[in-house]
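A short worksheet on the structure shown next.
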Amino acid sequence: MKHTLSVLVEDESGALSRISGLFARRGFNIESLAVGPTEQGGVSRLTMVVAGDDGALEQMSKQLQKLVNVLEVIDLSALPSVERELMLVKVKADATSRGEIFDLVKVFRAKVVDVGDSALILEVVGDPGKLVALEQLLEPFGILEIARTGKVALQRASGVNTEALKLRRSETYVPA
């Protein structure tokens, strides 16, 4: 199972190295990592996605808590949260295919951030599923390059679990 961890750390040199080293020593692969400042001066938030069973991740969380500079560790996987990623994608776009690509841009609420003679660069923000869906639809045009941020996430202030609502809706949907 994949877990999204939110780790608050003091801004000090070596903090990220100690955290990533802890995961490496235990044989955990960090699939995604995003780091940035928080609303508090001197504190950064690391949002990381790691694969592992619940028990192993609970142990890792406890070991993270023991590290110097780590202030808080939250496993957002089991909590209602908002998750987003950013993707830049350079796609081949000649005169005949541009209209179709622009239609996809509208549907996915993406932005065209660069236009060249034979290619476009698109910016799209959303949950990881949205990014994968757009990438699959752009494949036939020819993807030249992709850059993605790691996942960033915060626990929902409302407490509403939108994933549970989606599941409930799909279970009650009866096609005509």
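The values are calculated or read from the model by the stated rules, or taken from the named source; none is laboratory data. Since the structure is predicted, the reported quantities are computational estimates derived from the model, not experimental observations. Positions of Cβ are backbone-derived with ideal geometry, glycine not excepted, and every protein chain shown enters the neighbour counts.
Odds and ends about this structure:
- Unique residue being of a type in the set (A, V, I, L, M, F, W, C) and free of Cβ contacts under 8 Å to residues at least 60 places away in the same chain when the list is Leu79, Leu86, Leu137: Leu137
Let's see how each residue does on (1) assigned by TED's automatic domain parsing to the domain that holds Leu122; (2) touching a residue at least 12 places away in the same chain (Cβ under 8 Å); (3) not basic (Lys, Arg):
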| residue | (1), (2), (3) |
| --- | --- |
| Gly41 | no, no, yes |
| Met48 | no, yes, yes |
| Ala51 | no, yes, yes |
| Asp54 | no, yes, yes |
| Leu64 | no, yes, yes |
| Val73 | no, yes, yes |
| Lys92 | yes, yes, no |
| Ser97 | yes, yes, yes |
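- Residue match in the range 99-116 (condition: under 30 Å from Gly14 (Cβ atoms) and at pLDDT 95 or above): no
- Unique match (being among the small types (Gly, Ala, Ser) and over 27 Å from Leu22 (Cα atoms)) among Ala153, Ala133, Ala147: Ala133
- The number of residues in the range 122-148 being farther than 16 Å from Phe102 by Cβ and touching a helix residue (DSSP H, G or I) at 6+ places or on another chain (Cβ under 9 Å) comes to 5.
- At least 2 residues being among the charged types (D, E, K, R) is the threshold, and among the strands (runs of 3 or more DSSP E) wholly inside the range 112-155 those reaching it are 143-148.
- The range 32-80, subset acidic (Asp, Glu) and over 19 Å from the mean Cα position of the chain (by Cα), residue nearest to Val9 (Cα to Cα): Glu72
Residues are listed down the side, and each one gets a yes or a no for (1) surrounded by fewer than 18 Cβ atoms within 10 Å (Cβ to Cβ); (2) touching a strand residue (DSSP E or B) at 6+ places or on another chain (Cβ under 6 Å); (3) assigned to a helix (DSSP H, G or I):
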| residue | (1), (2), (3) |
| --- | --- |
| Val7 | no, yes, no |
| Leu16 | yes, no, yes |
| Ser20 | yes, no, yes |
| Gly27 | yes, no, no |
| Ser32 | yes, yes, no |
| Ser44 | no, yes, no |
| Lys62 | yes, no, yes |
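- For the range 103-120, a residue qualifies if it is out of contact with any Leu (no Cβ under 8 Å at 6 or more places or on another chain) and surrounded by 14 or more Cβ atoms within 10 Å (Cβ to Cβ), and exactly one does: Leu120.
- For the range 68-85, a residue qualifies if it is surrounded by fewer than 16 Cβ atoms within 10 Å (Cβ to Cβ) and either aliphatic (A, V, I, L, M) or over 28 Å from Val160 (Cα atoms) (or both), and the qualifying residues are Val68, Leu71, Ala78, Leu79, Val82.
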